[in-house]
Structures are given as C-alpha cells and as structure tokens.
Amino acid sequence: MGSGSPLVTIDGPAGAGKSEAARALARRLLVRYVDSGSIYRAITLEALDRGFDLDDTQALQELAAELKIEVETDPAKPPLVKVNGTPVTTRLRSPRVDETVSLVAKVPGVRQAVTRLLWDLSQGAVVEGRDMGSVVFPGVRKKVFLDANFETRVERRSRQAGDWGSDSTEHIEEDLRTRDEIDQLRESAPLRIPQGALVIDSTRLSVGEVVDRIVLYLNSK
Ligand code: DC
C-alpha cells in the first residue's frame with residue numbers, strides 16, 4: 001500500500017449521498033476527501049473523447065495506466081479533476097459518462113491503476129466509492145456503507161442532473177438500474193457491504209444527520 005491509510009471509507013450505490021456526506025464530513029473534521037468515482041469518470045471521459053471501443057479492455061487498461069489524473073482533495077475548495085493537466089470536472093457527470101462508466105470500471109487493469117492512485121492520495125482522508133472498505137483499504141478500522149431506497153436515489157440524481165445539465169427521470173432510473181447491476185455483479189471488486197461496516201440508510205436523513213452519525217461512530221471504540 002502507498003503512503004498510508006484513510007481515516008474512514010464510505011461505500012454505497014449511486015445516489016446514496018456518499019459524495020455530499022464525504023465532503024461535509026471531511027470539512028467538519030478538517031481532513032482531505034477523495035471521490036474515487038470521479039477518477040473512474042475521468043478515465044471514461046478520456047476513452048470516449050479518444051473514440052475507444054469500450055469492449056477493448058487492453059486499450060482501457062493501458063489508457064488508465066498512462067493518464068496523469070489529479071484531483072482536488074481539499075473539501076473547502078470546489079471539486080477539480082484534471083486529466084493530463086486539463087480540467088475536466090464539468091464534463092464528468094454528463095449522461096454519456098453516466099451510461100458508460102460502469103463498463104470501464106469493471107476492467108480489472110483499470111481498477112488496478114485507480115487503486116494505486118488512491119493509495120497515494122488517501123492518507124488520513126475520507127474516501128468514498130464502491131470498494132474502498134472491501135478491496136482498496138481492507139485494513140481500515142472505520143468503514144461506512146451508505147444506502148437509500150431506489151426512489152430516493154433517483155430523486156437525488158435527478159437533482160444533481162439539474163445542476164450539471166439535463167436528463168429525464170426515466171433515463172436516470174434506467175441508468176441507475178443498469179449501473180447497480182454492473183457494479184454489483186462484476187467479478188472484479190463488486191459493490192459489497194464491507195465486513196464490520198456501519199450501515200446507514202440515508203433515505204430519511206439529511207446530509208448533516210448522516211455526518212452526525214458517522215462522527216459518533218468515529219468517536220466510538
Ligand atoms: O460514485 P459515482 O457515481 O461517481 O461512480 C461512478 C462509477 O464508477 C460507478 O458506477 C462505479 C464506478 N466506481 C467503482 O467501480 N469503484 C469505485 N470505488 C468508485 C466508483
């Protein structure tokens with residue numbers, strides 16, 4: 001493993017509220033935060049821009065290994081992701097990336113490249129994703145699994161889509177269903193509740209309430 005262990009991992013499906021909770025928690029604790037999904041999105045965007053065939057796992061693996069990806073980990077600053085020096089943040093949540101990111105993220109060679117980057121970035125940080133507590137940082141003591149019911153997750157993604165561009169609710173529903181299936185059924189690091197994780201159902205909780213629960217958990221033995 002790289003330079004060190006994160007403070008806490010937060011895993012869960014799309015729309016469970018991980019990014020907002022991870023950021024707010026990191027701000028409260030004055031530590032860094034890492035959104036691992038944004039790294040998979042950046043690789044996907046680059047593959048699409050270059051016109052890659054997304055079934056070509058060898059090409060995707062090579063691309064992931066060669067790209068220089070930089071992410072802003074200060075939760076007090078706006079999110080920023082750069083690929084080979086170019087900011088791509090505003091393009092990472094387009095419907096095109098939403099539709100294809102799970103195909104890129106299921107390639108084992110891509111996951112290895114991202115895992116290496118995460119090992120370098122995550123010392124003492126709040127890290128969120130799908131396999132943070134189960135595969136990338138299995139030795140971390142504090143692990144959270146954040147979930148919410150399907151309707152709530154669709155609603156949250158619809159709200160985000162409104163912020164980032166536009167997408168219909170039907171399309172978001174279909175995309176979440178497909179991504180859930182690919183993320184849960186893939187062979188390499190599928191979405192799982194990590195052993196010993198605190199499970200939080202955020203369906204009826206605000207971001208602040210989720211953060212309160214995680215802080216209590218971090219302060220417990
Ligand atoms: O959290 P998100 O929606 O931005 O993640 C985008 C995709 O990236 C998600 O559908 C699956 C993949 N992902 C992953 O496989 N492993 C992670 N640790 C984070 C995201």
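Points to keep in mind about this one:
- Once both labels are positioned 7 Å from their Cα atoms along Cα-to-Cβ, the gap between THR203 and GLU151 label points is 0.9 nm.
- Total lysine pairs whose alpha carbons fall under 29 Å of each other in the chain (8 or more apart, or interchain): 19
- Spacing of the two label points (7 Å from each Cα toward its C-beta) at SER220 and ARG28, in nm: 1.5
- Charged-residue dipole, Cβ positions (Lys, Arg, Asp, Glu), segment 1-129 about Cα centre, Debye nearest 20: 480
- The slack between LEU80 and ILE193, meaning 0.36 nm per residue of separation minus the straight C-alpha distance, is 37.8 nm.
- Beta bridge orientation in the chain: antiparallel %, DSSP, nearest 5: 25
- Helix-only CD estimate at 222 nm, as mean residue ellipticity for the chain, using -39500 (n - 2.57) per DSSP H run (n ≥ 4): -15500 deg cm²/dmol
- Under the simplified labelling scheme, the GLU66-PHE52 pair shows an inter-label distance of 1.0 nm, with each label point 7 Å from Cα along Cα→Cβ.
- Sorting 32-43, 199-210 by their mean Cβ neighbour count within 10 Å, with the most densely packed peptide first, gives 32-43, 199-210.
- Magnitude of the charge dipole for the chain, about its Cα centre and with charges confined to Cβ atoms of Lys, Arg (+1) and Asp, Glu (-1), is about 1020 debye.
- Highest to lowest packing among 149-158, 113-122, scored as the average C-beta count within 10 Å: 113-122, 149-158
- Overall form of segment 64-135 per C-alpha gyration tensor (a/c, 1.5; a/b vs b/c): rounded
- Rg over Rh for the chain works out to 0.93, using Cα positions for both radii and the Kirkwood form for Rh.
- Rounded to the nearest 20 debye, the dipole size of segment 59-154 about its Cα centre is 120 debye, using +1 on the Cβ of Lys and Arg and -1 on the Cβ of Asp and Glu.
- Relative contact order [Cα under 8 Å, 6+ residues apart], the chain, whole percent: 34
Computed from the coordinates by the stated procedures, all read-outs in this text should not be read as laboratory data. For clarity, every value in this text was computed on a predicted model and none was experimentally measured. When we count neighbours, we look across all protein chains shown, and the Cβ atoms used for this are built from the backbone with ideal geometry, even at glycine.
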